[in-house]
Amino acid sequence: MSEYVEENYELSEMNKAEEPAKSKIVLVTGGAGFIGSNFVRYILDTYTEYKVINFDKLTYAGNLNNLTSVEDNANYVFMKGDIANKKDVKNVFEEFNPDFVVHFAAESHVDRSIINPDIFLQTNIIGTQNLLNFAREHKIEKFVLVSTDEVYGSVENGRSSVEEDRMDPNNPYAASKAAAEFLIRVAHQTYGQRVNVVRSCNNYGKYQFPEKLIPIIINNAIKGNKIPIYGDGKNTRSWINVFDHCTAIDKVLHLGRAGEIYNVAADDECCNIDLAEKILKMMNKPLDLIEYVFDRPGHDFRYSVEASKLRNEFGWKPSVSFEDGLSETIEWYENHQDWIESILSGDYVNYYLENYENGK
Ligand code: NAD
Ligand code: DAU
């Protein structure tokens, strides 16, 4: 931590994940999305003295049905707003004066960023700067940007990215996240703000929007529809259960040294075709549902991050095995077809047609 930060904020050892300070107010942006909604539930369950403000624009990916189990919780508040709109951001900071910001809100899907990059720049870059400006004005204790392993770009086999590696993004989504990371760095270096970045690998679990690979495989298999696999299916991703990502963010929020970046991964690496076959076998569905389709332009071949910094500094480790996590996720989608049906209409159908049937 820089001396500047210490002097300006005079914060000490008060924020420990093991001994949470009482009555913190946590502003969660994008709390109605996949990871954000899992995180909101996790924080309310884990820190019963904390108040959570969920600030979300409710784009196609934001869904308040993801949060029905907490909507009556006295420590939970939802406020609709756009992080790219200064007035909305000012209002939420003035009304709630948060102690912490955990920033998930983003346009998150690579294929959509290839079709229309502009909104990714607005939300992921401008939105992040707006939040940082008001976080500085309100002298908040900690700001965590939820970033991604995509900022490293593709990594050759046998190697994993470490936090010191250069950012080398290859698609509009990844570039917008890298830009947001630079703004976080500036907030620390220039203004002494207490910030952290977490760079996670691919998440999976309940409430994931069905444009992403694992829910596409599961839901298309349930319906007996073809499962689109890009290119030759050999592209590789590293997977983590969303619950384990939440515990990692918790550690970084409370214990992360200001200005530091932490990789997050569970070491469950798999190429896309193997993953699709694995899930189909678990579901007792035929492998010929798999259909090779036109490749994603600029498709990064492999992501892999080394998470030993997080493990060594905080004793963090993932708790959900890939087998158990996948089987729970399959069961969740099988039992929540009403949730899926409420999404698979309108905008989603148009996007699916544009992405898969019109070619790229
Ligand atoms: P998601 O698309 O499911 O949810 C995004 C949420 O942000 C939605 O609720 C949406 O309504 C909200 N949002 C979008 N634009 C907004 C705006 N302008 N103002 C306020 N709210 C807005 O995304 P996710 O998969 O849950 O990802 C959450 C974060 O984690 C993102 O920042 C993403 O870059 C990062 N991340 C995701 C993964 C993954 O595998 N899904 C992995 C690493 C990092
Ligand atoms: O690595 C972290 C990133 O993981 C996050 O930052 C992003 O927000 C998140 O969307 C995810 O990005 P990916 O592009 O890796 O995830 P997606 O589920 O879209 O694709 C996973 C892999 O599967 C990738 O190699 C592309 C491939 N794929 C994807 C889709 C949607 C297919 O083969 N067919 C598909 O239909």
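The values are calculated or read from the model by the stated rules, or taken from the named source; none is laboratory data. From a predicted model like this one, the values you see are computed outputs, not experimental measurements. Using ideal geometry, Cβ is built from the backbone for each residue, glycine included, and neighbour counts are taken over all protein chains shown. Only protein heavy atoms, including side chains, enter the accessible area calculation; ligands, DNA and RNA are left aside. Shrake-Rupley method; radii C 1.70, N 1.55, O 1.52, S 1.80 Å.
Exactly one residue among Ile140, Ile115 is within 16 Å of ligand 2 (Cβ to nearest atom) and of a type in the set (Val, Ile, Thr), and that residue is Ile115.
For the range 176-191, the count of residues that are open to solvent by less than 10 Å² (accessible area, probe 1.4 Å), touching a Phe, Trp or Tyr at 6+ places or on another chain (Cβ under 9 Å) and away from ligand 1 (no atom under 15 Å from the Cβ) is at least one. For the range 168-185, the count of residues that are touching a residue at least 24 places away in the same chain (Cβ under 8 Å), part of a strand (DSSP E or B), under 20 Å from Lys90 (Cβ atoms) and touching a strand residue (DSSP E or B) at 6+ places or on another chain (Cβ under 8 Å) is zero.
Based on this model, can you work out whether Gly127 counts as surrounded by 20 or more Cβ atoms within 10 Å (Cβ to Cβ) and part of a loop (DSSP other than H, G, I, E, B)? Here the answer is no, as Gly127 does not meet what is asked.
In this structure, Gly298 qualifies as of a type in the set (Gly, Ala, Ser), out of contact with any Asp or Glu (no Cβ under 7 Å at 6 or more places or on another chain), open to solvent by less than 70 Å² (accessible area, probe 1.4 Å) and assigned to a loop (DSSP other than H, G, I, E, B).
Among the residues of the range 326-335, none qualifies, meaning not one is out of contact with any Gly (no Cβ under 8 Å at 6 or more places or on another chain), in a loop (DSSP other than H, G, I, E, B) and open to solvent by less than 70 Å² (accessible area, probe 1.4 Å). For the range 108-123, name all the residues that are of a type in the set (Val, Ile, Thr) and either within 11 Å of ligand 1 (Cβ to nearest atom) or within 15 Å of Leu58 (Cα to Cα) (or both). Once the filter is applied, which keeps residues that are of a type in the set (Val, Ile, Thr) and either within 11 Å of ligand 1 (Cβ to nearest atom) or within 15 Å of Leu58 (Cα to Cα) (or both), the range 108-123 yields Val110, Ile119, Thr123. Mind listing whichever residues of the range 20-41 are in a helix (DSSP H, G or I) and open to solvent by 10 Å² or more (accessible area, probe 1.4 Å)? Of everything in the range 20-41, those that are in a helix (DSSP H, G or I) and open to solvent by 10 Å² or more (accessible area, probe 1.4 Å) turn out to be Phe34, Ile35, Asn38, Arg41. Residues being under 16 Å from Asn63 (Cβ atoms) and not small (Gly, Ala, Ser): count how many of those fall in the range 80-107. Total meeting the criteria: 3.
Selection of the range 88-120 for residues being assigned to a helix (DSSP H, G or I) and among the charged types (D, E, K, R) yields Asp88, Lys90, Glu94, Glu95, Asp111, Arg112, Asp118. Listed by first and then second residue, the pairs linking a residue in the range 192-207 that is of a type in the set (Phe, Trp, Tyr) to a residue that is modelled with pLDDT of 95 or more and in a strand (DSSP E or B), with Cβ atoms under 6 Å apart and 6 or more places separating them unless they lie on different chains, are Tyr204/Trp239.
Checking each residue in the range 48-78 for being more than 23 Å from Phe134 (Cβ to Cβ) and either among the charged types (D, E, K, R) or without any contact (Cβ under 8 Å) to a residue 60 or more places away in the chain (or both) picks out Thr48, Glu49, Leu64, Leu67, Thr68, Ser69, Val70, Glu71, Asp72, Asn73, Ala74. The helices (runs of 4 or more DSSP H) found wholly in the range 198-292 and carrying at least 2 residues that are within 23 Å of the chain's Cα centre (by Cα) and of a type outside the set (A, V, I, L, M, F, W, C) occupy 213-223, 242-255. When Glu323, Glu269 are screened for being more than 15 Å from ligand 2 (Cβ to nearest atom), out of contact with any helix residue (DSSP H, G or I) (no Cβ under 6 Å at 6 or more places or on another chain) and open to solvent by 10 Å² or more (accessible area, probe 1.4 Å), only Glu323 passes.
Please determine whether any residue of the range 198-217 is in contact with a Ser or Thr (Cβ under 9 Å, 6 or more places away or on another chain), closer than 30 Å to Ser345 by Cβ, among the β-branched types (Val, Ile, Thr) and within 14 Å of ligand 1 (Cβ to nearest atom). Yes, the conditions are met somewhere in the range 198-217.
Check the range 77-87 and report whether any residue there is among the β-branched types (Val, Ile, Thr), surrounded by fewer than 22 Cβ atoms within 10 Å (Cβ to Cβ) and either more than 19 Å from Ala187 (Cα to Cα) or touching an Asp or Glu at 6+ places or on another chain (Cβ under 7 Å) (or both). Yes, the range 77-87 contains a residue that is among the β-branched types (Val, Ile, Thr), surrounded by fewer than 22 Cβ atoms within 10 Å (Cβ to Cβ) and either more than 19 Å from Ala187 (Cα to Cα) or touching an Asp or Glu at 6+ places or on another chain (Cβ under 7 Å) (or both).
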